[in-house]
Each structure stands twice: as C-alpha cells, then as structure tokens.
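Remarks on the structure that follows.
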Amino acid sequence: MTAVTAVTDHTDHADRPDDDTASRAREDEEIWDDGLIARRVNENSENDEADGTGTPAGDEAPRPAPARSGRPRGAAGAGPSAYDKPSRYGRSSGYDSGHGSTSVYDIGASRETTALYEGPLRGRLDALRELIGLSRTRLDSTTLAEAGRVLDEAAARRRLSDRHTVVAVAGATGSGKSTLFNALAGVMISETGVRRPTTAAPIGCSWTDGAAGLFDRLGIPGRLRRRPLQGSDADAMEGLVLVDLPDHDSAAEEHREHVDRILRLVDAVIWVVDPEKYADAVLHERYLRPMAGHAEVMFVVLNQVDRLPGDAADQVLDDLRRLLDEDGVALGEHGEPGATVLALSALTGQGVGELREALGQFTRERGAATRRLEADLDAVAADLRPVYAAEAAHAPGRARVGLSEEAREEIADRRAEAAGATAVGQAAERAWRRHANKACGTPWLRLWRWYEARRSPYSSILRPTLRPPVDEEATARARVEHAVRTVADEAAAGLPTPWGQAVREAAARGAEGLPEALDELALRAGLPQGRPPRPGWWPVAVLAQAAMTLLQIVGGLWLGGQIVGLADPNLGVPVLLMLSGILGGPGVEWLSRMAARGPARRYGFEAERRLREAAAGCGRARVLDPVAAELLRYREVREQYVRMARRNASFG
Amino acid sequence: MLQKAVKIGHSSHVVTLDVRPQLLDALTTLRERVAAARFPLPLPGAPRARANRDELLAQLDDYLVPRLKAPEAPLLAVVGGSTGAGKSTLVNSLVGRQVSEAGVLRPTTRTPVLVCHPDDRHWFAGVRILPDLTRVWVPRQDGDEPAPPAEDDPVLRVETADTLPAGLALLDAPDIDCLVAENRVLAAQLICAADVWVTVTTAARYADAVPWHLLRTAKEHDATLVTVLDRVPHQVVAEVSLQFEALLAKAGLGDVPRFTVPELPESTGGGGLLPATAVAPLREWLAQQVRDSAARQGALARTAHGALGSLNSRLPELAGAVAAQYAAALRLTAAVDEAYESEHARVRERLQAGAVLAGDALKRWRAYPLDCGPSELLDAVSAGLETLLLCAVTAADERVDEAWRREPAARLPELAHHRDNGADHRIGMAVRRWQRVLEEYVEDEIRAVDRADKSAAPDPEVLTALLATALLGGRRASSAGEGLAARVGAHGALRLRDRGGRLLTAYLDKVLGAERERRLAPLDALGVHPEPQAELIAALSVLQKER
C-alpha cells in the first residue's frame, strides 16, 4: 500500500529534464521493494534529485559534505535561531506543498546564509516573533495573519540560498514581458506572440546552479526551469534567477493568482510597462501603490519605446516617473535608494544592456532578499500600527501609559466611600464626643435632656437600644462597580482598542468578588463595637464636675440654713460657693469638651483609616494589580513593536 | 439635411418607442424614489449600493428620461475604452479634424468632448442630458487652446463639425480605467448616456479584463453595441481579429458589429488623423444608423428597452440594500433598547433590595439620629441613588459598545460613544430635583397634619430624610417607615411613601429614557427608515405595468 503511493509519488518527479538521478532512483525503487524503506529511500533520492535539478549533468555543485551523509535532521536546529518552528499563521506557501522534505536545504543553506540575516533584520524578525507571541491572545488571528506570513516567508527564504537573487518579470498583457525575458536570457525560452494572454504559467531561468530550492518555493515545476545562453555575460549576471510571470490584467483570473502568489515570494520585481498601458489603473492601484515600500527592490522598465516617435519616449518616461512618484514609489535617482526606471525596447535591443548592467550590479550586491524582507516588515509595521501604537492625540500630556497617582488615589477614595469609611469615621468621632459630653456634662443639663427625651413622642422609636443587626451586603455595589469602571477607563484611555479592551476585562474580572470581600472587611474593620475607650482624664473631669455640683449644693444648703435660721447669716461665702459651682460646672464641661475634641478626632480618624486601608488593599490586589500587569504587558509589546518597526535598529 | 433628420425623428417616435405620459410619470416617480434612497450606515454593501444608486440616477437623468421625452433627438454614440486605446484619435478621424486632444501621455482625455452637427447644437447646449456637467464652449476658430475649466466641476466640451451627419453626435469619454477615480465614474456615466456604445480596444488589450467588463455590461444592458479593435499592427491583423472574434463569440457577442483599425504611425503621434479609409467602415455604419430610419429606431429602441429592462434587476438590488440598512439600524436600536431595559430591571431590583442604603448611607443611617443629622442622611442617600443611576447608565453604555463592536454598521464615527458626555451632571440634576419634590410632598403632609397639633409640628428635614431612607432602603429601613408613621400618622406615612415611590419610578424611567434617547439620537438623525424600500419596489411595479 505504502509502496504504491511511494511509486506514484516518485514518478511525478521522473519527468525532470536531467533524468540521471531519476533513473538512479528508479533502480533504487526496484531494489527496495519494502514499502516503508522504499519511501525512505525515495525521500532521500528526492532530495538528491532536487539538488541535481538545474545542475548540468556531471557538474556537481560544491556542497558541504554533511548535506549528503544522512545527518539527522535536527542538525538544522544548530542554526542560529529557531525560525524553523512552524507557525500556525500564514497561508500555505507553495514551497512546502510539493515535497516531502526540505531538510537538505536547511542544512546547506543555514551554513551558508548565517551572515545574510545577521544584523538589523534579524533583530526585527526576532521582535516580530516576540510580538506575535505576546499578542496572540489579545488580537484576533486575522490581524496577525500577515505578520505571521512574513515571518514564515522570512524563515523559508533564509533556509534557501543567498547566492541567488530571485527577480520576477511582471507586467500587463502584451507589454513584452516574455520578449524582455528572452532578451535577457539570450535565448528563446518563453513563448511570445500576438495571442493574448501569451504566458499562462511562470517560467524560471537561473544563471547559477543551486536554485532548485528557490524554484520549489515558487512552485515552478522542473519542466519550466531553464538555463540562459552560455555567453560572455554569464559571470556578470551570476546569481540571478529570473521568473517570467503571466499577466496581471487579463480576463484569465488564474493568471492574476499566479502573479499575486509569486510576487510575495520573490526578492525583486521588474515591472514591464508599455506606452499604451503605463497608466493603467489596475497596475498602479493594485500593485504599485501597495508595494510602494518595496521601491528598493523594484525596476520599472518602459518597453516598446521603438513604437514611439521622436522625443515622445522621453515624455512618456517622464510621465511614468511622475505617476510613480504619485504612487509613493521612491525613485532611485542621484544615488538615493529607490526604484530604477529605464526605457528600453526588448524587440530592438535598445536599452537592454543598461537593464542587464543594473541587474548584474543588483545581483552582485546580494542584498535584495534582505531589502525585500525589510520592506515587508515595514509594511507589516504600518499595518499593525493602529493595533499597537496609542494615538497621541487621544491622551494629550500623557507621557507614558499607566495608572497615574491621582487615579490610584481616586479609586481608593471611591472604594472607601463604598465601604462607608468617611461615615464610619464621623460617626465614631461623634460617638466619642457624645460619650465625653455625657460623662462630663453638668447633671442639670443631663436631667433636662432626659426630660426632653421622655416628652418627645417618637424619639424612643429611633433610639437603637441594641446594636443593629449585622448588615448583609453592607457595601454599595453600584459604587464599587462605578469605581472599577472609572479606573479601567482611566487606564485604557489612549490605548489601542484591543489593549484597552484587555485592560477593561482585567478590571472587570478583578471586580467580580470585590463587593463581597469589602462586606467582609467592613465587618472586621467597621464601626468599633461597644463603647469607645475612656481616657485617663475622664475621672478627673467627672470628679471636678461632681465637686462643682457639690459646691452648688453646699452653697444652696448653706443659704437655706440661713433662711431657716440654722446657720449664721453670712451671705458672702455661700453665694460665692454657689456661683463658683454654677459657673464652674459649664466651665468644666466646656474644658472637657475642648479636651475631648482632639482624641475624638483621632479616634474617628483611626476608625476611618482602618476601613479605608483595608478597602484600598483589597482593591489593589484585586483590580489595580491586574490592570497594572495588563498595562505592563502592553508596554512590553509596544517596545517589541518599536524594535520591529524601526529600520536600522541596532541588533540586540 | 436638418429637416430630414427631424422628420425621421418624428416618424421613429410614432413607430418604435411607444412613449405614453404614464410611462414618463412612472419613470419620474421612480427617479425621485431612487434619488431619495440613502445608505448612511457603513455596511459591507453600502459603498456599492451608493455607486449603484448614483449610476442609476445618472442613467435615468442622462439617458432614459430625456430619450423617452424626446425620441427625435440626435443619436448619441459614446466612444469608451481603456487608456491608450486610441479613442480620441478615432473620434478625430471620424470627424475629420482634431476636436479631442490625442497624445502619448496618459490619461489623455481629461475633459469629455461631444461633437455634433451645427444644426443639432441646441439639443446638447441645454441640460437635457448630462445635467450635472458644465458646458464649455470653444470659439469656432479651430486650433485654439480649449478654454480651461475654472473650477473642479466636471465639464463637457461641445464641438460642432459639419462633417458629421446631422442627427448623430459623438462623445469622446475619458478612460474607463483611468488613474483618476472621478474620471472613471464620469466615463461610466457618459457611456450609460449613450444610444450607441462604441467600445474601443486594441491589439495589445483585447484580452484584458477591463474592456471585457465594459462589453459584458453592454450585454447586460442590451445596449446597441459596436466594437472597434484599434491599433492593430498590419502584420497580425488577420490573426488578432480572428482571435478577437472567437472571444466575442464565446462571450455571446458574436453578432456585434466589429471594426478593425490598423496601427499606423498616426496612431501614436500627437494630433495625427488616421486616413479616412481606415475609419470609413465605422463611419459608414454610424451614418447608416442615422440615415435609415428603421435602423435608427432599432438602435434607439434596443438601448432604451435594455435600460428599462435592466431596472428590473437593479432596483430590487437597491431596495435590498435599503432594507439591509434598515435592518442594521434596527439591530443597533435593539441592542440599545435591550441594554437599557436590562439595566432598568437591574436598578429596580436593587432599589427593591435597598441597595442604595449601603456603604456610606448605611453607616449614616446606623448612626442616625445620635451621631448623624437628617441633612447628612438625606445627602448620603441621594448620593447613593445618584451613583446607582450613573452606574446603570455607564453599564448600559458599555453593553451597547460591546454589542455594537460586532456590528459593522456601528463603525460610523458619528455613532461613537464619548465616555464623559455629562451623564453624571444630568443624573445629579435629576436626583436633586427628585429630592426637592420630595420635600414639597413632606411640606404638604405637614400642613395637613398641622391643624391637629400645632405645637409638635415635625421637622420637615427629618421627615424628608426618613422618607427618602424608607423609599430607598428597602427592608433595612423599616424603622424609618415606623418613624415616619409616628410623626405624621400611619395614613400620612402611607400616602407619603406612595407618592414618593411613584415619583421615584417616574424619575428612574425619565433618567434612563433620556440617556437612551441621547444614545440613539445620532442613529435617529441618520434617518434610516423602511419606507424607501417599499416605495422603490412600488415605483418599479408601476413602471413594469406601464411598459
């Protein structure tokens, strides 16, 4: 069963141009008839075969020895990082659909290419991976899909040869892509004609060996891989892999799909336009404007200048430059980085030499893949900007994201209010003073008060004779809810929507058990039970008050005695005694009230403080800490984003 | 010449287009309905619906209504195609002099040019067709610079040339795939205003998607169509034209008249005219349409009926988009209603449970009357009520936000909710007003009781505080009710509580209702109603009956 599948799988590849390896594999297949082993062998021979593709018979590309010696695949992991980890993001990329294994390229390429992806790009890619990891749970996967795809493509490209530069030739129908392709290759590779559309599937042409992996990734089958004419300029164009694309604007939908897919994978693009079509909306709106950031890896050539009379070619070229400028494509003039714009005629050969030279120079620099990925990262950074970067206008004057001190204070206040801390404090203070007054007041005043209370028909109802029953749900739910919402809003202000949402959710989660917890706290730290404590000076005050009363009584009795005749008539002393008693009583009362004020306030403050602190602590642990953690996470993510978004960031 | 054309026009009126006033009335009604349709909510189909509406309106204004009103008006042939197809050169060559600017730089034609016979000028001078295009007149001296349009309004240049047969007008439209988006819209509008669609494509473009879109649209509208395969290099004329024919046949357009114009050095040069022989067949065909009254009627009737027929599918689509708008608005309203209703229920439940008498207010109540005055108690209770209401409103708004986040229609910036919109202020006002009305009730009651015992008139402040506590405190505040009864009697207390309770319910409804209205106000202001849908369909059915 497995053997059968293995065989069919194998024959798929048997029609490759160099059947040297294929026939060897077929021999293998006859010898190893066992299903499992046969499959393994096929796997190996497939790899060999892929290696050999694009290599002229007998001319083996120099390869590091371990590549063939069946080293375990894990060796690929010895590379500088773990880019090989499959990501769940990203659409299917063509390179891994066709072949069972790409491990050979892994080993070979990672050895060769370590130098290419060191430096800024590496740092940015690392930052992007961190970013995706950190924000996966906060953002929906469609937002991150493009970022994941770029990461995957970067990893895939990295595994493949950096000696090659993959350049696609793209353009509208009839602009002469294939003619230009043939002119560059020097041989008739791609079919040209007046029938539109001409080229239906991409055709590849490699100037240097070892591009099989790149072709596999582009999904170009072996029968469409070509070699250029061996000539004098083969060295000048070393490392170039040219891909002739189908048109992007014909009525044939699948052509456009081909173009869109391959344009995402190549290192650079030559846009071929002609005098008739150079201002097509589809070209500018669908391709050039979105890819304006990729100007550095873009050539725009105006083909068919032989059709234009006189100086019209220059006019059209200038107009093309103007349009490109309007699209936002930077033009590579005066040595600045940007797109190269050329006029040529593939038919007559006019200007092709210039393009060839530019391409050769471009390829020799070997920077196209890196620059393309940099541009991809720039595009991803721009796409993700609204998700990660807070709008500055939204929160003026907020230098940093986080909870301000005032916000913390405010929420503490609100929560204390919800628990009734202020009221408790005031009530405690007043109770203390009431007791003090009661204890140190003149007896006559107390007598009068008692009488008043007796006379009043309804005060007895309201006078709590017992301690009130323990209240359930003593905390104001609405206040707690409101406080939490306010603090969450405060913290989320200025944050990008998904992160603001995360902060609110964290606060809401924390608030779930908060009222109950505050209820419990209020029971423990609430109004002090029983009478307030008595300070040491109370007995003295009571004694003084009693002495004053005694003075009044003694003075009164003395006067009474005089009236009755029991005592010697002496008005001065008893009246003085009575007067001092009558004045001294309220005096003592006033003094003790003054003296009681301080301790009463302290007592009230103490009660309030206890409840307030308990409530604040509870709120901090349940709400503020999760919110702060969420904010910290956002800050971390933003740092990664900034690292990812910044070009020329120093590595590490 | 002129008389002949008019005569033909009149005869064609009688024979082909049976234009009854009812049909025109129906069409005018339909036009008004279409013009009234609005798509303010950013639904996925809304931009498309807006474009459809504008197109439909333009076609009704520019073509259908004027054509049915004046069947004798000259035949309008609009030359349309993609950039660089050589439309202007073709028009110039047909006219025999340079009326439209041609050149190598794209887009060439920025201002549409209409060419007609001098005697037909009055047909196009006014706003009979294309009313929203400003007419620009070029002095009769040829070769001058066209008068530059001062403003950004779209303009139409009208040229006259006596080389054209009377009764025929040619319109050189901008590119249908122009880089300037407004030009694309304008091109579509102009093409829709045509009696005869002349679609131009080239040897390099005949397989492009863009010209085929145009051809398919022409087929859908069943318009009178001519195709021109322009700029064909003479080496490949036979092959390309065969290819094109095959493609046309495949698309079901095999019977469309087809003309091939070879690529000549003049095709690209600035202002060159093609030799008369190159465009003679097309010219002859167009002249034939004007000369032969049967052919003219056929061409007119076909395009007009095609346009009328296309309404059958386009109007229901528009009506569907209107319905989708209304459905989205309903969903948004329902989300708001649901959020506020559930919050309303929650508030009532909390009031019943005495949740206002909690926290600060509860502590005050427990300290009353020994350690707390009545005004303090009243303030604390009112503050509790205020917080409860504010909390309900913010919670409802949050629920609305949550629900609306899933609705694409809610992405309109006008519908965005601002968190500090003064709700706390409004609620504070409402609670204070409630408190004041409560005080009035208490004073009423005291006045009623006064007569019995003048000396022991209860303190209104105490009574108000007790009443508020009793109303808001639920079971916890039962002793407040007792205190109230002891002061104003059981009957008086019952009356007060009854009136106060009703007042509380009324204020609660008022506060939440007002906030809900505020939230819905921007949505209501958009004016999304279900009526336009029914009206559109009704107008269409009237039209169908009249045809």
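The values are calculated or read from the model by the stated rules, or taken from the named source; none is laboratory data. Keep in mind the model is a prediction, meaning the values are calculated, not measured. Note that each Cβ is placed from the backbone with ideal geometry, even for glycine, and that neighbours are counted across all protein chains shown.
Each row is one residue, and each column tells you yes or no for (1) in a strand (DSSP E or B); (2) in contact (Cβ under 8 Å) with a residue 40 or more places away in the chain; (3) crowded, with 24+ Cβ neighbours inside 10 Å.
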residue: B:V198; (1), (2), (3): yes, yes, yes
residue: B:W212; (1), (2), (3): no, no, no
residue: B:E220; (1), (2), (3): no, yes, no
residue: B:V226; (1), (2), (3): yes, yes, no
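Once the stretch B:385-410 is narrowed to residues that are more than 8 Å from chain A (Cβ to nearest Cβ) and charged (D, E, K, R), the residue that is farthest from the chain's Cα centre (by Cα) is B:E386.
Residues that are within 12 Å of chain B (Cβ to nearest Cβ) and outside any helix (DSSP H, G or I) within the stretch A:401-455 comprise just one, A:G420.
For the stretch B:347-363, filtered to residues that are in contact (Cβ under 8 Å) with a residue 40 or more places away in the chain and more than 10 Å from chain A (Cβ to nearest Cβ), the residue that is surrounded by the most Cβ atoms within 10 Å (Cβ to Cβ) is B:L351. Pairing each residue of the stretch B:472-485 that is modelled with pLDDT of 85 or more with any residue that is polar (S, T, N, Q), provided the two are 6+ apart or on different chains, yields C-beta distances under 6 Å for B:A480/B:T469.
No other residue among B:L415, B:L503 is at pLDDT 85 or above and either surrounded by 15 or more Cβ atoms within 10 Å (Cβ to Cβ) or among the basic types (K, R) (or both) apart from B:L503.
Once the stretch B:279-306 is narrowed to residues that are surrounded by fewer than 21 Cβ atoms within 10 Å (Cβ to Cβ) and of a type in the set (G, A, S), the residue that is farthest from the chain's Cα centre (by Cα) is B:A280.
When the stretch A:180-209 is filtered for residues that are part of a loop (DSSP other than H, G, I, E, B) and within 46 Å of the chain's Cα centre (by Cα), the ones remaining, listed by number, are A:S190, A:P197, A:T198, A:T199, A:A200, A:A201, A:P202, A:W207, A:T208, A:D209. Look at the stretch B:366-384 and say how many of its residues are surrounded by 23 or more Cβ atoms within 10 Å (Cβ to Cβ) and more than 9 Å from chain A (Cβ to nearest Cβ). The qualifying residues number 3. Can you tell me which residue within the stretch B:479-498, out of those that are away from every other protein chain (no Cβ under 11 Å) and within 28 Å of A:A478 (Cβ to Cβ), is farthest from the chain's Cα centre (by Cα)? Of everything passing the filter in the stretch B:479-498, B:A493 is farthest from the chain's Cα centre (by Cα). Comparison of A:L125, A:L134 shows that the only residue that is surrounded by fewer than 19 Cβ atoms within 10 Å (Cβ to Cβ), over 30 Å from A:A281 (Cβ atoms), aliphatic (A, V, I, L, M) and at pLDDT 80 or above is A:L134. A:G332 versus (1) surrounded by fewer than 19 Cβ atoms within 10 Å (Cβ to Cβ); (2) within 11 Å of another protein chain (Cβ to nearest Cβ); (3) on the phi < 0 side of the Ramachandran plot; (4) modelled with pLDDT under 85: which is the lone unmet condition? Result: A:G332 fails condition (2) only.
Would you pick out the residues in the stretch B:172-196 that are farther than 29 Å from B:P118 by Cβ, aliphatic (A, V, I, L, M) and buried (at least 24 other Cβ atoms within 10 Å of the Cβ)? Of everything in the stretch B:172-196, just one residue is farther than 29 Å from B:P118 by Cβ, aliphatic (A, V, I, L, M) and buried (at least 24 other Cβ atoms within 10 Å of the Cβ), namely B:I176. When B:A392, B:A403 are checked against the criterion of being among the small types (G, A, S), farther than 17 Å from B:T464 by Cβ, surrounded by 20 or more Cβ atoms within 10 Å (Cβ to Cβ) and at pLDDT 85 or above, B:A392 stands alone in meeting it.
When A:L229 is tested against (1) away from every other protein chain (no Cβ under 14 Å); (2) out of contact with any strand residue (DSSP E or B) (no Cβ under 8 Å at 6 or more places or on another chain); (3) farther than 20 Å from A:L347 by Cα, only condition (3) is not met.
Name the residue that is nearest to the other protein chains (Cβ to nearest Cβ), counting only residues in the stretch A:275-296 that are acidic (D, E) and surrounded by fewer than 24 Cβ atoms within 10 Å (Cβ to Cβ).
A:E285
If the condition is being modelled with pLDDT of 85 or more and crowded, with 20+ Cβ neighbours inside 10 Å, then the stretch A:297-312 contributes A:V297, A:M298, A:F299, A:V300, A:V301, A:L302, A:N303, A:Q304, A:V305.
Determine, yes or no, whether B:A193 is under 18 Å from B:D62 (Cβ atoms), within 14 Å of another protein chain (Cβ to nearest Cβ) and modelled with pLDDT of 85 or more.
Here the answer is no, as B:A193 does not meet what is asked.
When we screen A:P197, A:P246 for residues that are within 14 Å of another protein chain (Cβ to nearest Cβ) and modelled with pLDDT of 85 or more, the only hit is A:P246. If I filter the stretch B:149-171 for residues that are over 19 Å from B:V115 (Cβ atoms), surrounded by fewer than 23 Cβ atoms within 10 Å (Cβ to Cβ) and hydrophobic (A, V, I, L, M, F, W, C), do I get at least one hit? Yes, the stretch B:149-171 has at least one match.
Could you tell me whether B:P139 is at pLDDT below 80, within 28 Å of A:E326 (Cα to Cα) and loosely packed, with under 14 Cβ neighbours inside 10 Å? For B:P139, the condition - at pLDDT below 80, within 28 Å of A:E326 (Cα to Cα) and loosely packed, with under 14 Cβ neighbours inside 10 Å - is not met. Within the stretch B:238-254, the set of residues being at the interface with chain A (Cβ under 10 Å from one of its Cβ atoms) and touching a residue at least 12 places away in the same chain (Cβ under 8 Å) comprises B:V240, B:Q243, B:F244, B:L247, B:A251.
Looking only at the stretch B:263-274, decide whether some residue is hydroxyl-bearing (S, T, Y), assigned to a helix (DSSP H, G or I), surrounded by fewer than 18 Cβ atoms within 10 Å (Cβ to Cβ) and at negative phi. Checking the stretch B:263-274: not a single residue is hydroxyl-bearing (S, T, Y), assigned to a helix (DSSP H, G or I), surrounded by fewer than 18 Cβ atoms within 10 Å (Cβ to Cβ) and at negative phi. Given A:E630, A:E636, which one is modelled with pLDDT of 85 or more and within 16 Å of A:L128 (Cβ to Cβ)? The unique qualifying residue is A:E636. On the stretch given as the stretch A:184-202, residues that are more than 20 Å from A:Y287 (Cβ to Cβ) and touching a Leu at 6+ places or on another chain (Cβ under 8 Å) total 4.
Residue-wise test of (1) without any contact (Cβ under 8 Å) to a residue 40 or more places away in the chain; (2) loosely packed, with under 13 Cβ neighbours inside 10 Å.
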{"residue": "A:V542", "(1), (2)": "no, no"}
{"residue": "A:L551", "(1), (2)": "yes, no"}
{"residue": "A:G555", "(1), (2)": "yes, no"}
{"residue": "A:G572", "(1), (2)": "yes, yes"}
{"residue": "A:V588", "(1), (2)": "no, no"}
{"residue": "A:L591", "(1), (2)": "no, no"}
{"residue": "A:Y603", "(1), (2)": "no, no"}
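Would you call A:G219 at pLDDT 85 or above and on the phi > 0 side of the Ramachandran plot? Answer is yes for this residue.
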